[in-house]
Every structure is written in structure tokens, then in C-alpha cells.
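The next block holds one structure in the form of C-alpha cells; read it before the comments.
The values are calculated or read from the model by the stated rules, or taken from the named source; none is laboratory data. Note that the structure is predicted; figures quoted are calculated from it, not measured. Positions of Cβ are generated from backbone atoms using ideal geometry, with glycine treated the same way; all protein chains shown enter the neighbour counts.
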Amino acid sequence: MKAILGDITTLSVDAIVNAANSSLLGGGGVDGAIHRAAGPDLVHECRLLHGCKTGEAKITGGYRLRAKFVIHTVGPVWNGGHKREAELLASCYRRSLELAVEHSLESIAFPAISTGIYGYPVAEAASIAVSTVGDFLKVRPLEVIFCCFSGKDLAVYQAELAKE
Ligand code: APR
């Protein structure tokens with residue numbers, strides 16, 4: 001488990017995780033970047049999935065991306081922390097990892113789910129990400145990369161990883 005600074009669409013891993021919305025039909029942020037890099041075949045496959053619930057995850061091909069697969073997950077919108085946000089965010093990480101194992105994948109990269117447009121405070125989100133993934137990796141070996149898009153986020157993730 002490690003954190004890096006970079007653009008998740010450039011990573012050569014088995015799967016990159018997309019912080020999608022419930023329609024799965026694309027959006028801004030990392031969702032927009034992934035769809036732009038993957039090309040139009042990605043949204044064509046996503047259409048067949050008929051959306052995704054918050055906290056759930058679905059898998060598609062990676063198309064023009066270096067990654068073989070995209071695991072789309074829908075994070076919770078931050079609402080002050082009293083609407084099961086922490087539980088739903090943890091579920092995004094857990095369900096994405098479960099899909100990776102179901103597809104015999106060996107490496108997966110996550111963006112900082114929900115911390116952009118969905119407004120989740122980065123420190124709390126990073127703590128949930130690192131602890132949820134850390135618990136999962138105790139029973140299943142997978143290479144997990146937290147791909148941060150800013151130096152500030154990277155520092156937060158590195159501080160959380162140092163506690164593991
Ligand atoms: N690589 C890695 N991380 C990225 C990239 C990228 N190319 N682009 C953005 N990010 C980071 C953001 O800086 C943020 O730290 O991904 C994190 C998640 O931010 P968002 O993409 O805004 O995702 P989220 O907060 O989960 O909101 C999801 O935004 O794009 C829409 O359709 C999406 O409605 C959904 C909502």
C-alpha cells in the first residue's frame with residue numbers, strides 16, 4: 001500500500017478506480033479524466049450497467065487506458081458526517097477490492113474518492129481509505145496505490161500510511 005502524486009489515467013495497473021456518479025455516464029473531476037483517456041467505448045459499456053448505488057462498485061474494460069480495467073464506484077456526498085458517509089466511503093474501497101479479487105487482479109489504484117466535488121474532508125477520507133484497505137490486505141495480497149492529485153493530498157495520505 002503506497003501513495004503517489006500523479007494522474008491516475010497514466011498508471012499501468014490492472015485496474016484504476018473511478019470516483020463516478022450513480023449514472024455511471026461520466027462527469028467532471030477524475031470521472032471526466034478517465035472517460036476522456038479511455039475513449040467513447042467506456043461510456044458505451046457503462047450504459048449497459050444501468051447505474052451504480054452509492055457505496056457499490058462495478059467493473060468495465062479499460063479501453064485506451066493503460067489499465068486493463070476500470071472499477072467504477074460511487075462515493076457519498078459529504079453531508080456533515082451524520083448520513084452514514086464514513087460507512088458508505090469504506091464500502092466503496094471494500095467493494096472495489098472485492099471486485100479486483102473476483103477478477104484475479106493483482107494491482108489497483110484509487111483516487112481520493114469523494115474528496116473533490118463530493119466535498120468529503122480529505123483527512124477523514126484518507127483515514128477511512130487507509131484503514132479499510134489495510135484491513136483487507138491483511139487477508140489478501142494486492143498491490144494498492146493511492147494516486148493523489150495534489151501535494152497536499154499526498155502529504156495527508158503519507159501521514160495516514162505512516163500510522164499503519
Ligand atoms: N488522477 C487522480 N486523481 C484525480 C484526477 C486524476 N486525473 N482528477 C481529479 N482527481 C482527484 C481530485 O483532485 C480529488 O482529490 O480525484 C479526487 C476525487 O475528486 P472528484 O473527481 O471530484 O470525485 P468526487 O469528489 O468523488 O465527486 C464525484 O464528481 O466528476 C464527478 O461524476 C463525478 O458526480 C461525480 C462526482
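Filter region 54-65 for residues that are surrounded by 17 or more Cβ atoms within 10 Å (Cβ to Cβ) and not β-branched (Val, Ile, Thr); which is farthest from Met1 (Cα to Cα)? Taking the candidates together, the pick is Tyr63.
Would you pick out the residues in region 66-94 that are farther than 17 Å from Gly27 by Cα, in contact (Cβ under 8 Å) with a residue 40 or more places away in the chain and surrounded by fewer than 24 Cβ atoms within 10 Å (Cβ to Cβ)? Correct list: Arg66, Lys68, Phe69, Trp78, Gly81, Ala86, Ala90, Arg94.
With respect to being within 14 Å of the ligand (Cβ to nearest atom), at positive phi and touching a Gly at 6+ places or on another chain (Cβ under 7 Å), Gly51 falls outside the description. Candidates Val101, Val130, Val70, Val156: the one that is at pLDDT 95 or above and outside any helix (DSSP H, G or I) is Val70. Per the conditions (1) under 25 Å from Thr10 (Cα atoms); (2) away from the ligand (no atom under 11 Å from the Cβ); (3) assigned to a loop (DSSP other than H, G, I, E, B), the sole criterion not satisfied by Gly116 is (2).
Among residues of region 97-119 that are farther than 16 Å from Ala20 by Cβ, those with a beta-carbon under 6 Å from a residue that is more than 16 Å from the ligand (Cβ to nearest atom) and outside any helix (DSSP H, G or I) at least six positions away or on a different chain give the pairs Val101/Arg140; Leu105/Asp14; Glu106/Asp14; Ser107/Asp14; Ser107/Glu143. Of the residues making up region 133-152, those that are surrounded by fewer than 22 Cβ atoms within 10 Å (Cβ to Cβ), within 13 Å of the ligand (Cβ to nearest atom) and either at pLDDT below 95 or outside any loop (DSSP other than H, G, I, E, B) (or both) are Ile145, Gly151, Lys152. Of the residues making up region 1-29, those that are in a loop (DSSP other than H, G, I, E, B) and within 6 Å of the ligand (Cβ to nearest atom) are Asp7, Asn21, Gly27, Gly28. Summed over region 55-98, the residues that are within 19 Å of Ser131 (Cα to Cα) and among the small types (Gly, Ala, Ser) give a count of 8.
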